[in-house]
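Let me begin by presenting the structure, written as structure tokens, before commenting on it.
The values are calculated or read from the model by the stated rules, or taken from the named source; none is laboratory data. What you see is a predicted model, and the numbers here were worked out from it, not measured in a lab. Methodologically, a virtual Cβ is constructed for each residue, glycine included, from the backbone with ideal geometry; neighbour enumeration extends over all protein chains shown. In case anyone asks, the SASA skips ligands and DNA or RNA and just uses the protein heavy atoms, side chains included. Shrake-Rupley method; radii C 1.70, N 1.55, O 1.52, S 1.80 Å.
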Amino acid sequence: MSSQPIEFWFDFASNYSYMSVMRIEQEAARWGVTMKWRPFLLGPIFKSFGWSNSPFVLQTWKTEYVWRDMERECRKYGLAWKRPSAFPRSSLLPARVALIGAEQPWMGEYCRRVMQLNFAADQDIDSVACMSEVLAELGLKAQEIIDQAQHETNKLRLRRQTELAGTKGVFGAPTFFVEGEMFWGNDRLDDALIYARASKPPVTRIS
């Protein structure tokens, strides 16, 4: 039984995207589903709704609940967690770099490292110094990749990708698409994978 690819739309500033980024590559492989990384920026999406910030900031009655929920969910998945001192944290350069790496074998590990810096180490991620260090640790040509990321052509690509997210109906992150079917939220990742695999059971590996 064949599977359909899953599109993974995420933002490095999104706390719930953190959990999906840390899980999706392994889970997609377990289900035999191919995935497509779709980095974008939530900020312009929120602005199109008339919001000046994340709803988790603007809707103060949600704020403390969200952070408590993150503690519980990260504990469930065995992920490190530290409430970021700046939220949502600027993530423009990481997103631009991710566009360069979206179809490269280092994409998954790059995304996981950036997310860990934001949500486990509480570090600024939107700097050339930070991105250079992450890329160098992956054994990549950091300056070359950053130069490509900062090129006007790539900046335009990110704007267009974000516009495409809005056109597709994305209103938050993470969001997953399988053949046009949309699944929103980290807690819908498994549902999206099941839909992509047409209910074929996951592969059980014996170690």
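Annotations
- Here the chain is assigned +1 on the Cβ of each Lys and Arg and -1 on the Cβ of each Asp and Glu. Its dipole about the Cα centre then comes out at about 280 debye.
- Per-residue [θ]222 nm for the chain (sum of -39500 (n - 2.57) over DSSP H runs n ≥ 4, rounded to 500): -16500 deg cm²/dmol
- With all protein chains in place and a 1.4 Å probe, the accessible surface of the chain carries 51 percent carbon and sulfur.
- Residue-span extension gain [D122 to H151] - 0.36 nm each, minus C-alpha spacing: 7.7 nm
- Pair-distance distribution of segment 79-124: all C-alpha pairs, bin width 5 Å, starting at 0; shares per bin in whole percent are 5, 23, 27, 22, 15, 7, 1.
- Taking a sphere under 13 Å around the Cβ of Q150 and counting the other residues whose Cβ falls inside, with K and R at +1 and D and E at -1, yields a net charge of -1.
- When each of K36/K168; K36/K141; K141/K168 is checked by Cα-Cα distance, pairs over 27 Å: K141/K168
- Once Rg and the Kirkwood radius are both taken over the C-alpha atoms of the chain, their ratio Rg/Rh works out to 0.95.
- The residues of the chain expose, per residue, 51 Å² of accessible area to a 1.4 Å probe.
- Most fluctuating residue given options G32, G169, G101, as computed from a GNM of the chain linking Cα atoms under 10 Å: G169
- For a straight C-alpha distance cut-off of 19 angstrom, the aspartates and glutamates reachable from K155 (same-chain residues fewer than eight places away being disregarded) are D11, E103, D126, E144, D147, E163.
- The 3J(HN,Hα) values that the Karplus relation (6.51, -1.76, 1.60; θ = phi - 60°) gives for segment 107-124 are, in residue order, 4, x, 5, 4, 4, 5, 5, 5, 4, 5, 4, 6, 9, 10, 10, 6, 10, 5 Hz. Gly and Pro appear as x.
- Value of relative contact order over segment 62-207, rounded to a whole percent, pairs C-alpha under 8 Å and six or more apart: 18
- Highest-fluctuation residue, T162, T34, T153 considered, GNM on the chain with Cα pairs under 10 Å: T153
- Most mobile listed residue (F12, F171, F183) in the chain, GNM with C-alpha springs under 10 Å: F171
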